[in-house]
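> Shown below is the structure under consideration.
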Amino acid sequence: MSNWFKKIDLKIAGWMSHYSNFLLRISIAVIFIWFGLLKPLGLSPELELIKNTVYWMNPETFVPILGWWEVLIGVCLLYRPLIRFALLLLFIQLPGTLLPLILLPDVCFNVFPHGLTLEGQYIIKNLLLVNAAFVVGSNVRNLNNDKRML
């Protein structure tokens, strides 16, 4: 039984090693495209949060630009030669993503610093997306597992 388990474990781990970077990249791209498109369509649940955070800019201009920026990140992640550009766009966007935690703590926290509201949780999950994108970027030079995929 032990030998059988090891063989299955090796096969599963090998499959995950072979496809994980590709699947992670596609998943992040889908999230950025989907969430990005919601903004210019006026369907994003974070519209008010964005408007209140970036109060110095006209929301009718800024929100669609932000949405298309996110769509561009996602599209660039789909096309391997543009992964580095996608990461640059993401890196530029990162400070703005976390800005509500500083400018709107009453909106982001029930109990500071650990009791997050739904908005706060939405923002904190961005840390996972950004770090997942950095994992994809850390493998951009070694795309052997990713060569036949997009």
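> Does segment 83-102 contain any residue that is surrounded by fewer than 16 Cβ atoms within 10 Å (Cβ to Cβ) and touching a Cys at 6+ places or on another chain (Cβ under 7 Å)?
Checking segment 83-102: at least one residue is surrounded by fewer than 16 Cβ atoms within 10 Å (Cβ to Cβ) and touching a Cys at 6+ places or on another chain (Cβ under 7 Å).
> Filtering segment 41-50 down to residues that are in a loop (DSSP other than H, G, I, E, B) and crowded, with 16+ Cβ neighbours inside 10 Å, which residue is modelled with the highest pLDDT?
Within segment 41-50, the match that is modelled with the highest pLDDT is Ser44.
> Can you tell me which of (1) under 14 Å from the mean Cα position of the chain (by Cα); (2) in contact (Cβ under 8 Å) with a residue 60 or more places away in the chain is the one Leu49 doesn't meet?
(1)
> Cβ contacts < 6 Å: first residue in contact (Cβ under 8 Å) with a residue 24 or more places away in the chain and surrounded by fewer than 19 Cβ atoms within 10 Å (Cβ to Cβ), restricted to segment 17-40; second residue of a type in the set (S, T, N, Q) and assigned to a helix (DSSP H, G or I), any location; separation 6+ or different chain. Result?
Taking only residues 6 or more apart or on different chains, the pairs are His18/Asn145.
> Could you tell me which residue of segment 53-81 is farthest from Asn139 (Cα to Cα), considering only residues that are modelled with pLDDT under 95 and surrounded by 15 or more Cβ atoms within 10 Å (Cβ to Cβ)?
Once the filter is applied, the top-ranked residue is Pro59.
> If I filter segment 98-122 down to residues being in a helix (DSSP H, G or I) and in contact (Cβ under 8 Å) with a residue 40 or more places away in the chain, which single residue comes out as farthest from Asn52 (Cα to Cα)?
Initial filter on segment 98-122 (in a helix (DSSP H, G or I)): 98-103, 105-108, 118-122.
Remaining after also requiring in contact (Cβ under 8 Å) with a residue 40 or more places away in the chain: 99-100, 103, 107, 119, 122.
Numbers: Leu99: 11, Pro100: 8, Leu103: 9, Val107: 10, Glu119: 12, Tyr122: 15 Å.
Per the stated criteria, the residue is Tyr122.
The values are calculated or read from the model by the stated rules, or taken from the named source; none is laboratory data. Bear in mind the structure is a predicted one, so any value in this text is a computation, not a measurement. Every residue, glycine as well, gets a Cβ built from its backbone with ideal geometry; the counts of neighbours run over all protein chains shown.
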